[in-house]
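As structure tokens, the structure follows; a few thoughts come after it.
The values are calculated or read from the model by the stated rules, or taken from the named source; none is laboratory data. Computed from a predicted structure; not experimentally measured. So basically every Cβ, Gly included, is an ideal-geometry build from the backbone, and we count neighbours across all protein chains shown.
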Amino acid sequence: MQESIRQLKGVGAKTAALFSKLQIETVDQLIRYYPRDYDHYEAPVPVQDLEPGKIQSVRACVIGAPSTVRARGMVITHANAGDVTGNLRLTWFRMPYLRSVLQPGVFRIFRGMVKRSAKGQPVMEHPRMFSEEEYGQLSGTWQPKYALTAGLSNHLIQKCVRQALLVSSFPDPYPPDLRKHYQLIGLTQALEKIHFPAGAEDVKQARRRLSFDEFLAFLVQIKRQKVKNDQVIVDRPMVPVSDTRRLIESLPYELTGAQQRVWGEIESDLQRHVAMNRLIQGDVGSGKTILAFLALLMCSANGRQGCLMAPTEVLAQQHYESLRRLAQTYDLPIRPVLLTGSMTVRQKREIREQIAGGQADVVLGTHALIQEKVEYRNLALVVTDEQHRFGVRQRETLAGKGDGVHVLVMSATPIPRTLALVLYGDLQVSVLDEMPKNRLPIKNCVVDPSFRKKAYAFLQAQIEAGRQAYVICPMVEEGEMEGVENVLDYTQKLRSVFPDSIRICALHGKMRAAEKQQIMEDFAARRVDILVSTTVIEVGIDVPNATVMLVENAERFGLAQLHQLRGRVGRGGQQSFCIFMTGDNSGQNNRRLDVLNRSNDGFFIANEDLKLRGPGDLFGIRQSGALEFSIGDIYQDSDVLLLAGELADRVLSGQVVLPEEELGLFQREIDYRTI
């Protein structure tokens, strides 16, 4: 399982390098690279039955000779086809050779995303084309579709996975009676079914088993961590200080009742002989950051050091500037410093010397805070912003740089209480369920693609008024998932639509860290007007001047994730807007997205997401904003999560004994990436 994928037939150095781009180096990693979706090859439908927003197959005759045009630097091939019920338009990009392949009068089966032209005619962009014999072999099957990278085809991944499953063995840590109790299929069966299912039931069974494994390993780790936390003794508890009361009274706004309640809980924790491990959970704009600053101020006034770790340098810099301004404005006795990976060697050395010598009592930064070279004089408090971006190991490392260190974590991810009690089992949870009175609620609308022209005009008007905008696409590049927008092509499309004076830039997770950092800095500094991005902007950037967000293929996201995304706007004093563009107007999708129209309350939305999206909703884009499991989704698989929590308790109490090395297999998969 841990051998290189080079052992597989057909995988040479060049192919292995392509797999490496997907973080696949070993056979184990390949087998755990689960399909993103499945293609169900159902019977072709007549042209008149084609439905916009769906991937469908149609048997149609090519009418007339295809034509080609050159636009936006690429060749576009157009063809007409039809049957006795009607005609449709076919379009391909960068495939000029199809002119000689598409013979007039020949019937083919075309499969792709169906759209409607302005005149109401059905259109397929970039459809796959089959002979009737080829399609007959696929008919009724479910074919896995993987996230790809340039040069690596879906067919090649399928071929390699089949080989990997044949040469690997999968010892199952669960005895038969335990599998029966939790309604789990065997591990070997699950891995085979998740890649090559016979139908929807196979996918459900495989997802249930593999999600259960991930959740169990995670929850065992979390519950063990709680035992450790309860044993961390604080030799020098802190005492209340007048500086925190003075700051609260001097602020130009009054803390909400929820903020006052949560601050009381934090202040009480810091006075105890057992180290605090508390999560502040609240919507974007609910006032988590000022509570973190108050805790850091109390720490400093007690003669101790505190630090705040943010997921990106941009956010760390923003926190540093905010705290420095507070210190100057209200004459606070704190000496904050910033430490990030992009600083020069000399700058880092100087900051490290100030930390080690105690001249700096509040340290803000990124992962640079946990490097071995960073030594703290008397670290007493660790604050992590957007906690799901930092692993257990990272928090342990940072807290381990002091004795009896208090830990405070913050998250804007709305998670229903029933799940939060399981997921945050090692933490005391404080909920900020009240928004400041001066916050303008975001105005939302759910529209179909026919509204796109008006949406672009609205974006342009906002930018000409001095504002900025986000556009969110589900995918990075063409080919990752059929029928959805991708960042790279969409960026080029916007540049062809908007005037040259509007500066448009792309951002996605496949970029180098330094490149992502520079783009976020440019957007924060107003050097970019429209940022086209994947969900990578969920955290790590705070731009009050951004007032509009357009989300393409909104039906592909979970409601809680869409709510998290729209939290990037509405952070300033201006009215902000979120446009959810949906490519599928089915009743279920409309009901789901209407929840966002009706409410800006993250916890209400999360609970509705649980009801509407629930277990068995197989496809779409998983919630990447909450907890980053390989296959499990805390909303979609919530019932499995709760059962895994029950077994984790039985394992830790000794009622059930599982081989530690097998639990280690699951933990390797998670590798402390969550919570």
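Condition first: over 27 Å from Q23 (Cα atoms), modelled with pLDDT of 90 or more, buried (at least 17 other Cβ atoms within 10 Å of the Cβ) and not charged (D, E, K, R). Can you find one or more residues in the stretch 499-520 that meet it? Within the stretch 499-520, one or more residues are over 27 Å from Q23 (Cα atoms), modelled with pLDDT of 90 or more, buried (at least 17 other Cβ atoms within 10 Å of the Cβ) and not charged (D, E, K, R). Considering the stretch 488-519, and only residues there that are among the aliphatic types (A, V, I, L, M) and in contact with a strand residue (DSSP E or B) (Cβ under 7 Å, 6 or more places away or on another chain), the residue that is farthest from S342 (Cα to Cα) turns out to be L494. Cβ-Cβ contacts under 6 Å between residues 6 or more apart (or on different chains), taken from a first residue in the stretch 34-46 that is more than 11 Å from K145 (Cβ to Cβ) and surrounded by 15 or more Cβ atoms within 10 Å (Cβ to Cβ) to a second residue that is modelled with pLDDT under 90 and small (G, A, S), are listed as Y41/S139. Checking each residue in the stretch 135-162 for being in a helix (DSSP H, G or I) and over 23 Å from G199 (Cβ atoms) picks out L156, C160.
Being surrounded by 14 or more Cβ atoms within 10 Å (Cβ to Cβ), touching a residue at least 12 places away in the same chain (Cβ under 8 Å) and farther than 27 Å from K510 by Cα is the requirement here; does L152 meet it? No: the conditions fail for L152.
One residue is enough: does the stretch 171-180 have a residue meeting the conditions outside the structural domain of G64 (by TED's automatic domain parsing), closer than 30 Å to S20 by Cα and among the hydroxyl-bearing types (S, T, Y)? Within the stretch 171-180, none of the residues are outside the structural domain of G64 (by TED's automatic domain parsing), closer than 30 Å to S20 by Cα and among the hydroxyl-bearing types (S, T, Y).
Residues of the stretch 214-235 that are free of Cβ contacts under 8 Å to residues at least 60 places away in the same chain and either acidic (D, E) or on the phi > 0 side of the Ramachandran plot (or both): D230 alone. Comparison of L488, L459 shows that the only residue that is surrounded by 15 or more Cβ atoms within 10 Å (Cβ to Cβ), closer than 14 Å to M581 by Cβ and over 17 Å from the mean Cα position of the chain (by Cα) is L459. Restricted to the stretch 593-626, and to residues there that are of a type in the set (D, E, K, R), more than 16 Å from T413 (Cβ to Cβ) and part of a helix (DSSP H, G or I), the residue that is modelled with the lowest pLDDT is K611.
Those strands (runs of 3 or more DSSP E) of the stretch 362-477 in which at least 1 residues are in contact with a Pro (Cβ under 9 Å, 6 or more places away or on another chain) and modelled with pLDDT of 80 or more, considering only elements entirely within it, cover 362-365, 379-385. Any chance the stretch 525-540 includes a residue that's more than 28 Å from D594 (Cβ to Cβ), surrounded by fewer than 17 Cβ atoms within 10 Å (Cβ to Cβ) and without any contact (Cβ under 8 Å) to a residue 24 or more places away in the chain? Yes, the stretch 525-540 contains at least one residue that is more than 28 Å from D594 (Cβ to Cβ), surrounded by fewer than 17 Cβ atoms within 10 Å (Cβ to Cβ) and without any contact (Cβ under 8 Å) to a residue 24 or more places away in the chain. Scanning the stretch 98-114 for residues that are within 38 Å of the chain's Cα centre (by Cα), over 17 Å from S131 (Cβ atoms) and surrounded by fewer than 20 Cβ atoms within 10 Å (Cβ to Cβ) yields a count of 1.
Consider the stretch 165-203 and keep the residues that are surrounded by fewer than 16 Cβ atoms within 10 Å (Cβ to Cβ) and within 27 Å of the chain's Cα centre (by Cα). The one that is modelled with the highest pLDDT is E201. Has the stretch 658-670 got any residue that is modelled with pLDDT of 55 or more, loosely packed, with under 15 Cβ neighbours inside 10 Å and assigned to a loop (DSSP other than H, G, I, E, B)? Taking every residue of the stretch 658-670 in turn, at least one turns out to be modelled with pLDDT of 55 or more, loosely packed, with under 15 Cβ neighbours inside 10 Å and assigned to a loop (DSSP other than H, G, I, E, B). Looking only at residues in the stretch 93-134 that are aliphatic (A, V, I, L, M) and in a strand (DSSP E or B), the one that is farthest from I31 (Cα to Cα) is V123.
Answer yes or no: is there a residue in the stretch 238-249 that is among the small types (G, A, S) and modelled with pLDDT of 90 or more. Checked against the condition, which is being among the small types (G, A, S) and modelled with pLDDT of 90 or more, the stretch 238-249 yields at least one hit. Among the residues of the stretch 574-592, those identified as surrounded by fewer than 21 Cβ atoms within 10 Å (Cβ to Cβ) and at pLDDT 80 or above are Q574, Q575.
R236 meets all of the listed conditions (1) of a type in the set (K, R); (2) farther than 30 Å from C160 by Cβ; (3) buried (at least 21 other Cβ atoms within 10 Å of the Cβ) but one, namely (3).
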